[in-house]
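Here is the structure we will look at.
The values are calculated or read from the model by the stated rules, or taken from the named source; none is laboratory data. Predicted, not measured: the structure shown is a model, and the values here were computed from it. Neighbour counts run over all protein chains shown; Cβ positions are idealised from the backbone, glycine included. The area values use the complete protein model at the heavy-atom level, side chains included, leaving out ligands, DNA and RNA. Shrake-Rupley method; radii C 1.70, N 1.55, O 1.52, S 1.80 Å.
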Amino acid sequence: MAEVDNIVVEGVDAMTLNDNEKDDDFVDPWNVTSQNDTGVDYDKLIKRFGSSKIDNELIERFEKITGKKAHYLIRRGIFFSHRDMHTILTLKEQGKPFYLYTGRGPSSDSLHLGHLIPFIMTKWLQETFDVPLVIQLTDDEKVLWKDLKIEAAMKLARENAKDIIAMGFDLNKTFIFSNLDFMGKCPEMYQNIIRIQKCVTFNQVKGIFGFGDSDVIGKIGFPAAQAAPAFSTTFPFIFGNKKVHVLIPCAIDQDPYFRMTRDCAPRLGFPKPALIHSAFFPALQGAKSKMSASDQNSAIFLTDTPKQIKNKINKYAFSGGKATVEEHRSQGGNPDVDVAYQLLKFFLEDDEKLEQTRLAYSKGEMLTGEIKKLAIEILTPVVEEHQKRRKEVTDDVLDQFMVLRKLQFAA
Ligand code: TRP
């Protein structure tokens with residue numbers, strides 16, 4: 001642990017910009033790239049960030065306490081890292097309350113497949129633990145980082161929220177808010193932001209996020225806005241003034257925000273937020289970068305037609321296959337770099353079928369065209385069904401999720 005301004009910050013020695021640049025992998029909340037075809041080295045990242053691996057012992061305890069098989073995204077190591085997950089399991093064991101917090105930075109009208117991953121996990125955790133959930137839309141973040149006006153970002157936030165609702169979250173247990181809207185309705189959020197901002201120096205955010213002298217001041221203050229929902233008093237209409245534990249499912253690039261939050265928590269009298277981290281969803285071009293909404297050809301959007309999905313996968317999905325059929329048949333393909341296989345790993349729930357596919361492809365029994373065809377068959381209905389449910393989410397439904405109100409806890 002590093003001492004920054006005499007304050008010990010978890011994992012900060014691991015995470016300075018310089019360190020990031022020395023490595024083959026670059027990971028911060030705004031950019032993820034790797035020099036390797038297999039993508040980011042996650043074991044190294046765990047060390048660098050100072051988080052813990054989700055190991056078999058944790059999975060077994062999880063299954064014992066919830067009485068449920070762990071989600072396939074956990075079993076397959078896609079959610080691979082955590083902080084204080086054991087604390088959350090102990091709370092569950094003791095019948096004590098906690099809540100879930102996740103979010104989305106609205107930067108495009110439509111989500112893509114990769115955006116679904118943390119929400120699939122969040123929904124499953126909400127069902128498994130029967131706990132309230134708050135979802136933050138950081139439209140403010142996108143105004144500060146992108147070429148976007150306030151009005152446009154707020155609109156995108158509403159559109160994205162509809163996609164999130166279409167995933168089936170329970171209205172009685174879910175509160176969705178946009179920062180640019182909510183802050184004016186709930187002074188407690190701003191009060192917590194100021195408490196957090198008073199805990200963190202410029203030196204520290206420079207160390208954690210790599211901010212420099214020419215960054216606009218809004219960026220420097222923003223991390224406190226993403227931290228605040230991890231403190232339950234930000235939502236007095238749900239929690240009153242109780243200081244309740246929180247679990248945050250997120251992609252691991254968001255961890256810097258929550259390292260900062262965990263550092264502030266005890267000083268402000270709050271429990272440290274627990275986290276469960278996912279790996280990145282690869283771009284169609286391969287795992288050297290993640291699927292990005294700002295690069296149309298890198299992503300399968302939830303608004304894509306079956307034809308677009310088919311064309312994108314056939315045309316762009318990076319192949320782990322060999323140059324000729326003969327070579328492929330004799331040497332086999334490499335599923336670790338093959339994007340069609342990676343897409344299946346994220347979305348094909350049937351473990352047996354996935355393993356059969358991996359073996360057949362590795363042995364060369366299955367060709368690139370065939371594994372792509374399977375990926376298209378699995379993903380097309382995911383997108384089509386989403387579109388059907390999305391149509392049902394009217395402005396009125398959305399408004400209900402955004403009303404400041406009490407949420408239901410487990411009995
Ligand atoms: N910064 C995140 C993004 O750009 C959005 C976000 C806000 C978030 N709060 C969160 C993500 C909590 C995970 C957990 O997408």
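Each semi-axis of the equivalent ellipsoid for segment 203-256 is √(5λ) with λ an eigenvalue of the Cα gyration tensor; in descending order they amount to 27, 14, 8 Å. Give the aspartates and glutamates reachable from Lys219 as a straight Cα distance under 13 Å; neighbours fewer than 8 places away on the same chain don't count. Correct list for Lys219: Asp139, Asp140, Glu141.
Sequentially through segment 361-374, phi angles give Karplus couplings (6.51, -1.76, 1.60; θ = phi - 60°) of 6, 5, 7, x, 6, 10, 9, 3, x, 6, 6, 5, 4, 4 Hz, Gly and Pro residues having no value and appearing as x.
The residue among Leu374, Pro335, Ala299 whose Cα reaches farthest toward the positive pole of the charge dipole of segment 296-390, with charges on the beta-carbon of Lys, Arg, Asp and Glu, is Ala299. Can you return the lysines within cross-link range of Lys47? Criterion is Cα-Cα under 23 Å, with same-chain partners fewer than 8 residues away left out. Partners within reach: Lys22, Lys206, Lys272, Lys288, Lys290. Cross-link candidates for Lys322: which aspartates and glutamates have Cα within less than 14 Å, leaving aside residues fewer than 8 places away along the same chain? Partners found: Asp336, Asp338, Glu365, Glu370.
Judged by a Cβ-Cβ distance under 4.7 Å, the unpaired cysteines of the chain are Cys186, Cys250.
For the chain, modelled as a GNM whose springs connect Cα atoms under 10 angstrom apart, the maximal fluctuation among Ala287, Ala161, Ala323 occurs at Ala323.
What share of the DSSP beta bridges in the chain is antiparallel, in percent to the nearest 5? About 45 percent, rounded to the nearest 5. Classify segment 301-353: rounded, prolate or oblate, from the alpha-carbon gyration tensor (a ≥ b ≥ c, eigenvalue square roots; a/c under 1.5 rounded; otherwise prolate if a/b is larger than b/c)? Because a/c hits 1.5 or more and a/b fails to exceed b/c, segment 301-353 counts as oblate. Rounded to the nearest 20, the size of the Cβ-charge dipole of the chain about its Cα centre is 860 debye, with Lys and Arg at +1 and Asp and Glu at -1.
Evaluated with a Cβ-only charge set (Lys, Arg +1; Asp, Glu -1), segment 296-390 carries a dipole of roughly 460 debye about its Cα centre, given to the nearest 20. Springs between Cα atoms under 10 Å define the GNM used for the chain, and in it the highest mean-square fluctuation of Ile217, Ile252, Ile164 occurs at Ile217. For the chain, the longest principal axis of the Cα atoms and the long axis of helix 113-129 meet at an angle of about 60 degrees. Each pair of Cα atoms in segment 286-411 enters the Kirkwood radius, and Stokes-Einstein at 20 °C and 1.002 mPa s then converts it into a translational diffusion coefficient of 129 µm²/s. Accessible surface area normalised per residue over the chain is 43 Å², counting heavy atoms of protein chains with a 1.4 Å rolling probe.
Over 22 Å between Cα atoms, which of Lys44/Lys312; Lys92/Lys123; Lys53/Lys96 qualify? Check vs 22 Å cut-off fails for Lys44/Lys312; Lys53/Lys96. Summarising the amide proton neighbourhood of Gly286: residues at separation of 5 or more, or on other chains, whose placed amide H is nearer than 5 Å comprise Phe318. Picking from Phe175, Asn241, Leu125, whose Cα lies most toward the positive end of the charge dipole for segment 2-284 (charges on Cβ: Lys, Arg +1; Asp, Glu -1)? Farthest along the dipole direction, towards plus: Asn241. Inter-label distance, Glu385 to Lys243: 4.3 nm, where each label sits 7 Å from its Cα along the C-beta direction.
The charge dipole of segment 162-271, taken about its Cα centre with unit charges on the Cβ atoms of Lys, Arg (+1), Asp and Glu (-1) only, comes to about 400 debye. Per residue, the chain reaches -14000 deg cm²/dmol at 222 nm when only DSSP H runs of four or more residues are counted, each adding -39500 (n - 2.57). Relative protection proxy for 376-383, 183-190, from highest mean packing down: 376-383, 183-190 (other beta-carbon atoms within 10 angstrom). Each 5 Å bin from 0 upward holds the following percent of the Cα-Cα pairs of segment 78-122: 5, 14, 22, 21, 16, 10, 8, 4, 1. Kindly provide log₁₀ I(q)/I(0) values, in the same order as q = 0.07, 0.08, 0.11 Å⁻¹, from the Debye equation applied to equal alpha-carbon scatterers of the chain. Taken in order of the listed q values, log10 I(q)/I(0) reads -0.33, -0.43, -0.83.
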